[in-house]
Amino acid sequence: MTFIAPVPPGTDSRTSEEEARPSPSRQRSQRRLSVGKSHPYGLMIGPVLLMVFWSWGARSGFLDPRVLPGPWVAVTTSWQLLQEGRLQANLLISAERALSGLAFGTLAGVAAALITGLSKTGGYLLDGVVQVKRAIPLYAILPFFMLWFGIGESEKIIIIAVAAFMPIYLQMHTSLRNIDRRYVELAESLRVSYRDFLVNVVLPGALPGFLLGLRFASMSCWMALVVVEQVNATAGIGYMINLATSYAQTDVMLVGLVVYAVLGVTSDAIIRTVQKLVLSWQPTLGA
Amino acid sequence: MSRYPVYVRNLARNFGDRPAIRGVDLEIAAGEFVALIGRSGSGKSTLIRALADLDHDVAGSGTLVVPQNLALVFQDARLLPWKRVLSNVIFGLHGPDAASRGRAALEEVELAARARAWPYELSGGEQQRVALARAIVREPAFLLADEPFGALDALTRIRMHHLMRKISARHRPAVLMVTHDVDEAIELAERVLVLEQGRIIANIEIKLPPDNIHLGDRFAAYRTQLLELLGVEDSRKLRAA
């Protein structure tokens, strides 16, 4: 007979016992099939390891600084460029292009999706055109866009807008068309007006699709920005990178990459926060 | 044409060349509680959808008079997940008193405290009570319910029966409730209709004694009768024999 003494809080009384005699329930235990709970900062492990390897490579001479300078160079060169005023000037221009492109693309995407998603005629007229356009890569129409819109600022914004338009249109059109039949039936049985149906059923139902599209759109936006700034730009992050490439300034090229990465991650984080706030009715994204 | 709020004559509905409803006659008085039972595939859902005017693309004929002001309770609560409970109840209602009427309806189903909750935060029974509140807040002259308690557990179902009785006694709508549960039909309804292959083959008045002494016998008799009409042998009767 064993007596169990009260265990002071914080002590682990199980360890010694389990070593002494493995409990029979242990042997039968089912292997856990789900991935399990994730650590809040677990996602950082991969990037941090990469940074460590990169730093080690640059420090030890394994990586030639003319090929890839060390990560700290991005910080020091950024500081230098900021003091010269070059970085913020170029960043401002790039951000302006990307954001106006995203804004116009979003507006156009939502408008087009509403037309094709809510009306059969609109769908017949417009959806096919968009689907054909979708099959043409952005790079391929670039020459035509230059022909039509020149090589100035408006051409750049138009291309970014077109890149942002696609994902928003596709996601939103799909979710407008796939409104749950059961909710349509409900609205019919309650004899609600078309306006009430639109405002209370269709649009909120399409909101998750729209936000997903917006996330994709922000990514395409930065991608399009890189493309347009490689061609005949006189300012912007892409121009800065191009110029640095001509002079073999790998440190400035690196800063450009880091800026693109920061912009991409930040905009995605912003949209994800908005998603969480707006979609708090969803159990998966809510509390 | 008729003193009944719900008046149906010779109603037929076909899916292609397969008839689903063949010549149904039906009238329900104001305040009358009618249950409709039938095997699966007997046409219950088709009939309910026809009565609620939800069968846009279904071919059919017949006379169908139902009040404009009807409400339908589905088997699933069918709450809009992006609307809080109170907004779900008053969905489609306008006017300054909509919210207070919604709160009163929630009070009636004993859910006034959850007015600000999201639907996913409620249990299945609570969700179905919200759906009931959404129906009664419209003061329907005709309340249709399509297996409203079919997805609930036995205990919740008993609570819902009390609630349903209370509501129909208070608002006096004409009620047509589809159910696959014979006991539920006998317990709640004043009249039970049996649907078989798109026809109403029996119309049975339920008269249960007010006292509890003979209730069991009478209940069992109705049960056996209805199950026989449905082509099922009463297992309790077999055990007794």
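The values are calculated or read from the model by the stated rules, or taken from the named source; none is laboratory data. Every value quoted in this text rests on a predicted model; they were computed, and no experiment measured them. Using ideal geometry, Cβ is built from the backbone for each residue, glycine included, and neighbour counts are taken over all protein chains shown.
Considering only region B:14-33, state which residues are basic (Lys, Arg) and more than 22 Å from B:ALA145 (Cα to Cα).
Step one: filter region B:14-33 for residues basic (Lys, Arg), giving B:18, B:22.
Within region B:14-33, B:ARG18 is the sole residue that qualifies.
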Pairs only if they're at least six apart or on different chains, beta carbon under 7 angstrom, first in region A:72-87 and more than 25 Å from A:ARG59 (Cβ to Cβ), second loosely packed, with under 12 Cβ neighbours inside 10 Å and of a type in the set (Lys, Arg); list them, first residue then second.
none
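Considering only residues that are β-branched (Val, Ile, Thr) and buried (at least 19 other Cβ atoms within 10 Å of the Cβ), which ones fall in region A:193-216? Spell out the reasoning first.
Of the residues in region A:193-216, the ones β-branched (Val, Ile, Thr) are A:199, A:201-202.
Scanning region A:193-216 gives A:VAL201, A:VAL202.
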Among the residues of region B:49-76, write down those that are of a type in the set (Gly, Ala, Ser) and within 10 Å of chain A (Cβ to nearest Cβ).
B:ALA52, B:ALA71
Among the residues of region B:94-144 satisfying the criterion of being away from chain A (no Cβ under 13 Å), part of a helix (DSSP H, G or I) and without any contact (Cβ under 8 Å) to a residue 12 or more places away in the chain, which is farthest from B:TYR4 (Cα to Cα)?
B:ALA113
Return the only residue of B:ALA174, B:ALA154 being at pLDDT 90 or above and of a type in the set (Gly, Ala, Ser).
B:ALA174
Within region A:67-113, work out how many residues are over 22 Å from A:VAL227 (Cα atoms) and of a type in the set (Asp, Glu).
1
Could you tell me whether B:GLY150 is in a loop (DSSP other than H, G, I, E, B) and more than 13 Å from every other protein chain (Cβ to nearest Cβ)?
yes
Of the residues in region B:201-219, those that are over 14 Å from B:ALA185 (Cβ atoms), in contact (Cβ under 8 Å) with a residue 12 or more places away in the chain and assigned to a helix (DSSP H, G or I) number 0
Go through region B:183-211 and count every residue that is closer than 15 Å to B:GLU147 by Cα, among the acidic types (Asp, Glu) and surrounded by 15 or more Cβ atoms within 10 Å (Cβ to Cβ).
2
Filter region A:131-159 for residues that are of a type outside the set (Lys, Arg) and touching a residue at least 40 places away in the same chain (Cβ under 8 Å) and give the result.
A:LEU138, A:TYR139, A:LEU142, A:MET146, A:ILE151, A:GLU153, A:GLU155, A:ILE157, A:ILE158, A:ILE159
Right, B:LEU79: surrounded by 22 or more Cβ atoms within 10 Å (Cβ to Cβ) and part of a strand (DSSP E or B) or not?
no
All but one of (1) more than 14 Å from chain A (Cβ to nearest Cβ); (2) surrounded by fewer than 19 Cβ atoms within 10 Å (Cβ to Cβ); (3) in contact with a helix residue (DSSP H, G or I) (Cβ under 8 Å, 6 or more places away or on another chain) hold for B:GLY38, so report the exception by its number.
(2)
Only one residue in A:GLN83, A:GLN27 is exposed (fewer than 10 other Cβ atoms within 10 Å of the Cβ), among the polar types (S, T, N, Q), farther than 30 Å from A:SER154 by Cβ and modelled with pLDDT under 85. Which one?
A:GLN27
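Working carefully through the options B:ARG138, B:ARG114, find the one that is more than 26 Å from B:LEU51 (Cα to Cα) and buried (at least 16 other Cβ atoms within 10 Å of the Cβ).
Details: B:ARG138 fails: more than 26 Å from B:LEU51 (Cα to Cα).
None of the other options fit; the residue is B:ARG114.
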All conditions in (1) free of Cβ contacts under 8 Å to residues at least 24 places away in the same chain; (2) outside any helix (DSSP H, G or I); (3) hydrophobic (A, V, I, L, M, F, W, C) are true of A:ILE241 except (2)
Enumeration of residues in region A:253-283 that are within 14 Å of another protein chain (Cβ to nearest Cβ) and touching a helix residue (DSSP H, G or I) at 6+ places or on another chain (Cβ under 8 Å)
A:GLN275, A:VAL278, A:LEU279, A:TRP281, A:GLN282, A:PRO283
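Taking the stated definitions as given, is A:ALA248 away from chain B (no Cβ under 11 Å), among the hydrophobic types (A, V, I, L, M, F, W, C) and at positive phi? I'd like the intermediate steps shown before the answer.
Working: away from chain B (no Cβ under 11 Å): yes; among the hydrophobic types (A, V, I, L, M, F, W, C): yes; at positive phi: yes.
The answer is yes for A:ALA248.
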Find all pairs meeting these conditions: Cβ atoms under 8 angstrom apart; at least six residues apart or on different chains; first residue within region B:48-75 and closer than 19 Å to B:THR179 by Cα; second residue among the acidic types (Asp, Glu) and buried (at least 17 other Cβ atoms within 10 Å of the Cβ).
B:ILE48/B:ASP146; B:ARG49/B:ASP55; B:LEU72/B:ASP146; B:VAL73/B:ASP146; B:PHE74/B:ASP146; B:GLN75/B:ASP146; B:GLN75/B:GLU147
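Can you pull out the residues in region A:62-78 that are of a type in the set (Val, Ile, Thr) and under 15 Å from A:VAL52 (Cβ atoms)? Walk me through it before giving the result.
Initial filter on region A:62-78 (of a type in the set (Val, Ile, Thr)): A:67, A:73, A:75-77.
Answer for region A:62-78, where residues must be of a type in the set (Val, Ile, Thr) and under 15 Å from A:VAL52 (Cβ atoms): there is none.
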Regarding region A:194-203, can at least one residue be identified that is within 14 Å of chain B (Cβ to nearest Cβ), in contact with a Phe, Trp or Tyr (Cβ under 7 Å, 6 or more places away or on another chain) and either of a type outside the set (Val, Ile, Thr) or not in a helix (DSSP H, G or I) (or both)?
yes
Only one of A:MET172, A:MET219 is away from chain B (no Cβ under 14 Å) and surrounded by fewer than 22 Cβ atoms within 10 Å (Cβ to Cβ); which?
A:MET219
